[in-house]
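The values are calculated or read from the model by the stated rules, or taken from the named source; none is laboratory data. Here the structure is a predicted model, which means the values were calculated and not measured. All Cβ positions, glycine included, derive from the backbone under ideal geometry; neighbour counts span all protein chains shown. Note: areas computed on protein heavy atoms with side chains; ligands, DNA, RNA excluded. Shrake-Rupley method; radii C 1.70, N 1.55, O 1.52, S 1.80 Å.
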Amino acid sequence: MSTDQDKLITELVEKGLTGDMEPINSIEDRVLRSKAKAALAKAKRAAKSQETAEPKKKKSEEKSSDDLPSSVNLNEKIVYMINEKFPGSLANENTETHIQLKSDQWFEIATWLKSEPSLSFDSLQCQTGIDVGDNTLEARYNFHSMKHNHYTEIRIAVPRKEATIPSVEQIWRIADWFERETYDMLGIEFSGHRDLRRILLPDDWEGWPLRKDYLVQETYHGIVVPKMKEGWE
Amino acid sequence: MGLLENRFNDNVIVEKLDKLLSWGRSTSPWFFQFGTACCAIEMMAAAASRHDLMRIGMIPRSSPRQADVMIVAGTVTMKMALRVKKLYEQMADPKYVVAMGSCATSGGPYWQHGYHVLKGVDIVIPVDVYVPGCPPRPEALIEGLLKLQEQILDERPLTRKMA
């Protein structure tokens, strides 16, 4: 029954697109008639957008990633685009799982990642930090685009002694608490963050607990911290 | 002796004022609900209709000023330890503390490597009853509270304490 109806509707839409509205209007069943009209409107809209989209597409292809074959994955494409737009900001060319960046141009790149129409990473899914050893701390960002439904991961490594990374808190508001947690646990300073305080530990806590060389302070406001209960072992 | 001996009928209760006071205290220890972690769920279950702490005269209070017993239900972090101490000091005498669950008694799963966890709430405030378990079932908490009531009943608030 429904397949018959679909066939009928497609026939009517084809006629309607050529300008012949008579068969649609002469349907007696009201539900079927409205369905056919809706399908016709949809078909008309699709035809219109195809016409307008085609010339635009050609333009954007001219701008960037022109010689890239269609088989490249998203990370390779982003690396290619960053290399053109922000030369020298890539830490290495590795694109297998993530993109490794230097910290100095990060704010500009982040702004561009969100605003570039072919990427439009409008959602910062997670921001976290890790102590990778060799006196290096690393901030990691996981992005998702609602529009294109694609993901990428950005990693920025900084030396432990001057661990400063530009904050993206004003680009993605969610980064506010994410960055505060990374600051709390690893002591990475996010320059430009408007409210960079500890988020979990008390404000007067000493040290950065998730660094590998962390030593627990002995007392906190007169309370002995690493107390072992006597007779437990 | 002769003045009071065999003077009263069956319908008059003869008792020491000392004992009367401790009896009164033990049968209505209102508790300060202090849920710092998952044990709070079991404490709520104990206070709710199935286990019903009201049977033994315990009513949850949200203010330290109105409470006699503080049930520390859950992990006490270093950040919280100062607040626990402050709230305990705000309670009016006589006051009692029940440490509920492994975390409040000893630090629980964090007792060795948790840099931010207080290894037992007895480091900052005196504890009367420890209820082990992770978390303890409501029955275990009730058992602990009955023990506390026994303890209060044995007190002699008016008698001079021997040094």
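Rounded to two decimals, the Cα radius of gyration of the stretch B:9-72 over 2.2 N^0.38 Å is 1.43. Surface exposure of the protein assembly as shown, expressed per residue as accessible area with a 1.4 Å probe, stands at 60 Å².
In the distance distribution for the stretch B:1-130, Cα-Cα pairs more than 20 Å apart total 52 percent. With a 10 Å cut-off around each Cβ of B:78-84, the average count of Cβ atoms from other chains is 4.
With 5 Å bins beginning at zero, the pair-distance distribution over Cα atoms of the stretch A:76-195 amounts to 2, 11, 23, 26, 21, 12, 4, 0 %.
Note on the stretch A:128-196: the C-alpha convex hull projects to 4.7 nm² when averaged across all orientations.
Of all beta bridges that DSSP places with both ends in the protein assembly as shown, some 50 percent have antiparallel geometry. The mean number of Cβ atoms from other chains found within 10 Å of a Cβ in peptide B:110-122 is 4, as a whole number. Overall, the anisotropy analysis places the stretch A:157-205 in the oblate class: the square-rooted eigenvalues a ≥ b ≥ c of its C-alpha gyration tensor yield a/c not less than 1.5, with a/b not exceeding b/c. Ranking of A:Phe143, A:Phe86, A:Phe107, B:Phe8 by solvent-accessible surface, largest first: B:Phe8, A:Phe107, A:Phe86, A:Phe143 (1.4 Å probe, protein heavy atoms only, all chains present).
With q set to 0.27, 0.34 Å⁻¹, the log10 of I(q)/I(0) for the stretch B:2-43, from the Debye formula over equal scatterers at the Cα positions, is -0.95, -1.09. For the stretch B:1-42, a simple Cβ point-charge model (Lys and Arg +1, Asp and Glu -1, everything else neutral) yields a dipole of about 100 debye relative to the Cα centre. Among rounded, prolate and oblate, which fits the stretch B:111-156 when a ≥ b ≥ c are the square roots of the eigenvalues of its C-alpha gyration tensor, a/c under 1.5 means rounded, and a/b larger than b/c means prolate? In terms of gyration-tensor shape, oblate. Size descriptors for the protein assembly as shown: radius of gyration and Dmax over Cα atoms are 35.1, 123 Å. Take the accessible area of B alone and of A alone, subtract that of the pair with a 1.4 Å probe, and the total buried over both chains is about 1500 Å². Dividing the summed -39500 (n - 2.57) terms of all DSSP H runs of n ≥ 4 by the residue count of chain B sets its mean residue ellipticity at 222 nm at -10000 deg cm²/dmol.
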